[in-house]
Structures are given as C-alpha cells and as structure tokens.
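The values are calculated or read from the model by the stated rules, or taken from the named source; none is laboratory data. Because the structure is predicted, anything quoted here is derived from the model rather than measured. FYI the Cβ positions are ideal-geometry reconstructions off the backbone, even for glycines, and counts take in every protein chain you see. Surface accessibility is based on the protein's heavy atoms, side chains included, excluding ligands, DNA and RNA. Shrake-Rupley method; radii C 1.70, N 1.55, O 1.52, S 1.80 Å.
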Amino acid sequence: MRVLVTGGAGFIGSHLCEYLLNKEEEVICLDNFFTGSKKNIAHLMSNSNFELIRHDIVKPITIEIDHIYNLACPASPVHYQYNPLKTIKCSTVGMVNILGLAKRCKARILQASTSEVYGDPLEHPQNEKYWGHVNPIGIRSCYDEGKRVAETLCMDYKRQNNLDIRIIRIFNTYGPRMQKDDGRVVSNFIVQALQNKPLTIYGEGQQTRSFQYVSDLVEGMYKMMNQDGFYGPVNLGNPDEFSIMELAEKVIEMTGAKSKIEYKELPSDDPQRRRPDISLAKEKLSWQPVVKLEDGLKKTIEYFKGQM
Ligand code: NAD
Ligand code: UDP
C-alpha cells in the first residue's frame, strides 16, 4: 500500500506515519511545515518505506498513491486564526486538490474532520446525525466552516464521481509532539505547570471538553480506512468529559507545580460543552478509546519535561 499522509509532520500526522510504517505500509509524508516540524518525523527518516515531501496542498500535486489520509490544516485556534484566509483555502482549495488527486489515482481518501463541525452544540453528547450550531461569521468560522465545506466536497465527490471517501470527526486529542507553543489547552497547561507559571483559564473554566489520547485516535483512523462499506462521518473521541478547571487541577496535581490559576477572557464562540457519542464507532469499527486521561497526561507530561 502506498499511503499519503498530508500534514504528516504535525502532531497527529507524525504518530499516524509511525503507526503505518509499523504496519509495513509505504508512507509518503507531505507537509508545508506551517505548524509541523521535521523533529516530529526525524526518527522515521532512516526507514526506507518513508518519504518526505515539502508541499502546500493549496497547490495541486501529482503523485501515485493508493490511500490518502488528509490531515493538512492548522488545528489550534491560535494557529488557524493567525491567517484565517489561508485556513479556509486549506480546507476548500486544498481539499479539492487532494480529492482531485484521489480521483485520478482511484485512491481511497480519509478526511480528518472535526468535532468543530458541531460548533457550540445545542445537543449533548454529540452524535453524527446532529447538524451543528456554527457561527458562519465568527473568528472560529475559518476553521469550522472550512471543515464543514471539506465534508461537503468529500460527499459530492463520492456522489458525483463515486470516490471512495471516509470522514472522521476528531474530538480534542492530545499527546507527545504537540508544539510547546501550540496554544491548545493540554499543552498550554502542562508547559505552564512545568515552569511553575500560572495556568491560564479562559472564562471561568466550567466549559467542558473530552480528551482523547493520540494512540487511541490513530488506531481508530486505521480501522476506518481499512474496512469496507462504511464511510461515515464517524466521531472518534473519548467520551470522558472534564471541565477545563478539572483539567487544570489535574495537571497541577500530577506535575506537583506551585502554579496558581490566572483567569483570562473567554474567546468568542468558545463551545461550552463537548462530548462525543461514539456508539457508531463502536458498532461499525469495534473501536473505543482505552487510554484514561491520567495515563495519557502522564506520558504527555514526561514528553514535555524533555522539551523544557
Ligand atoms: P497540527 O497543527 O500539529 O498538524 C497539522 C499539520 O498540517 C502540520 O504539520 C502543518 O504544518 C500541516 N499543514 C497545515 N497547512 C498545510 C498545507 N496547506 N499544506 C500542507 N501541510 C499543511 O495539528 P493536529 O492536531 O496534528 O491536527 C491534524 C489534523 O487533525 C488537522 O486536519 C485537524 O483539523 C484535525 N483535528 C485535530 C484535532 C485535535 O484535537 N488535535 C481535533 C479535530 C481535528
Ligand atoms: N483554554 C483555556 N486556557 C488555555 C487554552 C485553552 O482555558 O490556555 C480553553 C479554551 O477556551 C477552550 C478549551 O480550553 O474552552 C479547549 O481549548 P483548545 O484550544 O484546546 O481546543 P478547542 O477550543 O478547539 O476545543
């Protein structure tokens, strides 16, 4: 199998590349290094089944490929809001380019969509039938609406061109190889705690998220790609829900930090609650996450200790 992983030098992408190489697949990692880094994949470079291409998916590319995992897109609010127009282009023009590549190669393509397609959800927990509650003109829209259009494009390429697509909706995922300055909550809190700096809580910390460890996600991605007859969309996330305050307390306790809490303004459109209903993934993929938050945090804290 020749497999293309776009965004392969990023946090999730680098774990996926590693996983696929362990499955003896031939992996082509494509990345423009906006938020990804060569460090994330340096340990894979000596593997003869691994290739690296510096490329931006907003420009078309011609290569021969059997499977495509499309992960190229900045994922942290700090990064996707840095250049919102580029973020939208990535999920629209970039998506069309990658779907075009899949069409030409008759390749199977898995799109990394997101729980953000549910926006600030009015249903809880969120299942795949829920259409979402997304502000089309807010500061998160470049990402949320971009990913929604990307899903639409996948479905229309399927209906119009019979393309073999799969859509996964990833919920908040964390683990080693997140960037220190990634800006998402888990890495922020751990880095702050390891420096005994205040942990920055946006709002009052009562908003919730459900945190999935990266190895669970990668397992689910592989299962979704390598089965027949089910194209999704399917939620991949850990249904254990925590408030941001609970997360902060856990990180302080686990690191033994002397950090206090510093409250900052809640960014606009920040979803209040988020938790995946994973019944569909259980039924169709026999998949569910196995790593508890404490265990995943322990590994992630160890990783960041080595980065300080
Ligand atoms: P990340 O920022 O670490 O990885 C994104 C990668 O894509 C980076 O390596 C970046 O350099 C690359 N990239 C960005 N724009 C590109 C472009 N135009 N051309 C080529 N490469 C480009 O983030 P991540 O957490 O690893 O996220 C990976 C994918 O998973 C993203 O598509 C994201 O939307 C999706 N996702 C992640 C989460 C999460 O909690 N981590 C949740 C939902 C969805
Ligand atoms: N958050 C926080 N402090 C931080 C970073 C994030 O309180 O230093 C909050 C943020 O407002 C949100 C939650 O943590 O309510 C998760 O944020 P993240 O950026 O990790 O992911 P997303 O909002 O995209 O789910």
Given (1) surrounded by 14 or more Cβ atoms within 10 Å (Cβ to Cβ); (2) outside any loop (DSSP other than H, G, I, E, B), GLU253 misses just (1)
GLU51 passes all but one of (1) part of a strand (DSSP E or B); (2) surrounded by 24 or more Cβ atoms within 10 Å (Cβ to Cβ); (3) of a type in the set (D, E, K, R); which number fails? (2)
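Okay, residues lined up against (1) within 16 Å of TYR231 (Cβ to Cβ); (2) open to solvent by 20 Å² or more (accessible area, probe 1.4 Å); (3) among the hydrophobic types (A, V, I, L, M, F, W, C):
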{"residue": "PRO74", "(1), (2), (3)": "no, no, no"}
{"residue": "ASN83", "(1), (2), (3)": "no, yes, no"}
{"residue": "GLY94", "(1), (2), (3)": "no, no, no"}
{"residue": "LEU122", "(1), (2), (3)": "no, yes, yes"}
{"residue": "GLN126", "(1), (2), (3)": "no, no, no"}
{"residue": "TYR130", "(1), (2), (3)": "no, yes, no"}
{"residue": "GLU145", "(1), (2), (3)": "no, yes, no"}
{"residue": "ASP156", "(1), (2), (3)": "yes, yes, no"}
{"residue": "ARG159", "(1), (2), (3)": "yes, yes, no"}
Of (1) of a type in the set (Gly, Ala, Ser); (2) under 20 Å from TYR231 (Cβ atoms); (3) within 16 Å of ligand 2 (Cβ to nearest atom); (4) surrounded by fewer than 17 Cβ atoms within 10 Å (Cβ to Cβ), GLY100 fails just (3)
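How about region 94-129: which of its residues are near ligand 1 (Cβ under 9 Å from one of its atoms), assigned to a helix (DSSP H, G or I) and either of a type in the set (Gly, Ala, Ser) or over 19 Å from the mean Cα position of the chain (by Cα) (or both)?
Hits for region 94-129 are GLY94, SER115.
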Let me confirm something: among PRO74, PRO84, PRO60, which residue is under 30 Å from ILE137 (Cβ atoms) and near ligand 1 (Cβ under 7 Å from one of its atoms)? PRO74
Return yes when LYS38 is more than 23 Å from ASP181 (Cα to Cα) and either more than 16 Å from ligand 2 (Cβ to nearest atom) or out of contact with any Lys or Arg (no Cβ under 8 Å at 6 or more places or on another chain) (or both) and no when it is not. no
The lone condition ILE168 fails out of (1) away from ligand 1 (no atom under 11 Å from the Cβ); (2) in a strand (DSSP E or B); (3) not charged (D, E, K, R) is (1)
Out of all the residues in region 17-49, which are more than 25 Å from HIS79 (Cβ to Cβ) and not polar (S, T, N, Q)? LEU21, LYS23, GLU24, GLU25, GLU26
Cβ-Cβ below 9 Å, separation at least six or inter-chain, first residue in region 264-292 and β-branched (Val, Ile, Thr) and away from ligand 2 (no atom under 16 Å from the Cβ), second at pLDDT 95 or above and open to solvent by 90 Å² or more (accessible area, probe 1.4 Å): which pairs? ILE278/GLN288; VAL291/LYS299
For region 111-126, state whether one or more residues are among the small types (Gly, Ala, Ser), within 13 Å of ligand 2 (Cβ to nearest atom) and farther than 22 Å from LEU30 by Cα. yes
Which residues, counting only those in region 165-213, are open to solvent by less than 10 Å² (accessible area, probe 1.4 Å) and farther than 23 Å from LEU71 by Cβ? PHE189, ALA193, LEU199, ILE201, GLY205
Close pairs (7 angstrom Cβ cut-off, 6 or more residues apart or separate chains): farther than 14 Å from LEU20 by Cα and modelled with pLDDT of 95 or more in region 64-76, open to solvent by 20 Å² or more (accessible area, probe 1.4 Å) and more than 16 Å from ligand 2 (Cβ to nearest atom) anywhere: GLU64/ARG2; GLU64/CYS105; ILE65/ARG2; ILE65/CYS105; PRO74/PHE34
For region 217-231, what are the residues that are within 16 Å of ligand 1 (Cβ to nearest atom) and open to solvent by 10 Å² or more (accessible area, probe 1.4 Å)? GLU219, TYR222
So VAL234 ticks every box in (1) over 19 Å from the mean Cα position of the chain (by Cα); (2) open to solvent by less than 10 Å² (accessible area, probe 1.4 Å); (3) over 18 Å from LEU293 (Cα atoms); (4) not aromatic (Phe, Trp, Tyr) but one. Which box is left unticked? (1)
